[in-house]
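Note sheet for the following structure.
The values are calculated or read from the model by the stated rules, or taken from the named source; none is laboratory data. Computed from a prediction, not measured in an experiment: that's the story for all the values here. For neighbour counting, all protein chains shown are included, and Cβ atoms are generated from backbone atoms with ideal geometry for every residue, glycine included. Keep in mind that these areas ignore ligands, DNA and RNA; they rest on the heavy atoms of the full protein, side chains included. Shrake-Rupley method; radii C 1.70, N 1.55, O 1.52, S 1.80 Å.
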Amino acid sequence: MNNPIAEQFRVALNFLLQQEGRGAQVRLALAQNIDRGYLNAVIKGRKPAAEEIRLKISDQIGRASCRERV
């Protein structure tokens, strides 16, 4: 993967999913209506995440972190 933004996003996403624990990938895919196979390919680095998908995931992560602060 030659896109540094996509690679940084993938690394950060992996870190956050590990923090969330078991089932986090499935919960994220369902919450944002992202195909689970595609999300897994992004996480494994087989496919870069499209801008639309990065925005959906960022939105979901932002909502989750806001709930933790309240």
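Sequentially through the stretch 7-15, phi angles give Karplus couplings (6.51, -1.76, 1.60; θ = phi - 60°) of 5, 5, 4, 4, 5, 5, 4, 4, 4 Hz, Gly and Pro residues having no value and appearing as x.
May I ask you to rank ASP59, ASP35 by accessible area, largest first, using a 1.4 Å probe over the protein chains only? Could the numbers behind the result be given before it?
Details: ASP59 70, ASP35 100 Å².
From most accessible down to least: ASP35, ASP59.
Compactness of the chain, taken as the C-alpha radius of gyration over 2.2 N^0.38 Å, stands at 1.05. Highest mean packing comes first when the peptides 45-57, 10-22 are listed by Cβ atoms within 10 Å, giving 45-57, 10-22.
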